[in-house]
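The values are calculated or read from the model by the stated rules, or taken from the named source; none is laboratory data. Because the structure is predicted, anything quoted here is derived from the model rather than measured. Please note: Cβ atoms are built from the backbone with ideal geometry, for glycine as well, and neighbour counts cover all protein chains shown. For the accessible areas, the whole protein counts, side chains as well, though only heavy atoms, and no ligand, DNA or RNA atoms are used. Shrake-Rupley method; radii C 1.70, N 1.55, O 1.52, S 1.80 Å.
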Amino acid sequence: DVKVTQSSRYLVKRTGEKVFLECVQDMDHENMFWYRQDPGLGLRLIYFSYDVKMKEKGDIPEGYSVSREKKERFSLILESASTNQTSMYLCASSPWTGYYGYTFGSGTRLTVV
Amino acid sequence: RKEVEQDPGPFNVPEGATVAFNCTYSNSASQSFFWYRQDCRKEPKLLMSVYSSGNEDGRFTAQLNRASQYISLLIRDSKLSDSATYLCVVNDDSGGYNKLIFGAGTRLAVHP
């Protein structure tokens, strides 16, 4: 089974801190994605990557950046955390075609105080 | 208009009931369709893909109507363990990249 591992299950950070969320997948998938999920809004795509060192903006990239230095690892960075970034963050991966759906990590619930 | 629209529910049904969820999508060029299940405070997990001819997996049946841009999920003989949020998912390959668009989900609560 594909495993997508997110480094933290729960995080509490202060406003203005730089926050790193890490995601690692073990099935050599080309595609990786970062979503946030908020009640009533569903999953919203922040950034995605189709190859090492490649990144594309999703629907809500403002306030975030990403890094993909190795194929298996995709990091989400909150440059200066704000309270409106309190959310559940979900990482996902898929093979190149994407026609088989995504596999998600277990999520990181981030609270910014 | 949202790209993928679902009735948020909740649908409250007794065990053994049959329940159907509907979903509409706006991109007529979409080629791949899925239903995901998400339990409370957990990540979404793929329930089933949806094929043009319709497909069944045990108590679950998925249908696709391309002309109406409509997808459905039917659950027969509901179990308590079916209680979850069901996400309708459609692919979007505009812009040269294939990515999935998620509906906000329909919540199902099955009671004894």
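Of the residues A:Glu30, A:Glu69, ranked by 1.4 Å probe accessible area with the largest first, the sequence reads A:Glu69, A:Glu30. If you average the C-alpha positions of region B:52-112 and of region A:79-113 separately, how far apart do those two centres end up, in angstrom? Comparing the Cα centres of region B:52-112 and region A:79-113, I get a distance of 21 Å. Only protein atoms count toward the accessible area here, which uses a 1.4 Å probe; on chain A, the carbon and sulfur part of that area reaches 50 percent. Take each residue in B:38-49, count the other chain C-beta atoms within 10 Å of its C-beta, and the mean is 4. Accessible surface ranking for A:Lys70, A:Lys13, 1.4 angstrom probe, highest first: A:Lys70, A:Lys13.
Shown for region B:40-112: the carbon plus sulfur share of the solvent-accessible area, taken with all protein chains present and a 1.4 angstrom probe, equals 50%.
Once the chain from B:Glu5 to B:Asp39 is taken as fully extended at 0.36 nm per residue, the excess over their C-alpha distance is 10.3 nm.
Once the C-beta distance of B:Arg66 and A:Asp26 is scaled by a Förster radius of 41 Å, the resulting FRET efficiency is 0.70 to the nearest 0.05.
In summary, the lysines within cross-link reach of A:Lys53, defined as a Cα separation below 24 angstrom excluding same-chain residues under 8 places away, comprise A:Lys3, A:Lys18, A:Lys70, A:Lys71, B:Lys99. In plain terms, the chain from A:Glu69 to A:Thr111 could stretch by 12.5 nm, reckoned as 0.36 nm per residue minus the Cα-Cα distance. For chain B, B:Cys40 have no disulfide-compatible partner, since no other Cys C-beta lies under 4.7 Å from theirs. For B:Asp93, the solvent-accessible surface with a 1.4 Å probe is about 70 Å², rounded to the nearest 10.
Counted over chain A, the DSSP beta bridges are approximately 90% antiparallel. Legend: mean number of C-beta atoms from other chains within 10 angstrom of residue C-beta atoms, peptide B:95-101, equals 6. Take each residue of peptide B:15-24, count the partner chain Cβ atoms within 10 Å of its Cβ, and average: the result is 0.
Roughly how large is the B-A contact in terms of buried accessible area, totalled over both chains, probe 1.4 Å, nearest 100 Å²? In total, this chain pair buries about 1800 Å². When chain A is treated as a GNM with alpha-carbon contacts under 10 Å, the residue of A:Arg36, A:Arg14, A:Arg44 showing the greatest mean-square fluctuation is A:Arg14. Suppose R0 equals 45 Å. What FRET efficiency, 1/(1 + (r/R0)^6) with r the Cβ-Cβ distance, do A:Lys57 and B:Glu56 give to the nearest 0.05? After rounding, the FRET efficiency stands at 0.70. I want to verify the translational diffusion coefficient of the protein assembly as shown in µm²/s; compute it with Stokes-Einstein, Rh as the Kirkwood radius over Cα pairs, at 37 °C and 0.692 mPa s. The Stokes-Einstein estimate is 181 µm²/s. Above 20 angstrom, tally the Cα pairs of chain A and express them as a % of all pairs, no decimals. Beyond 20 Å sits 34 percent of the P(r) for chain A. Note that region A:51-113 presents 46 Å² accessible area per residue, ligands and nucleic acids not counted, probe 1.4 Å.
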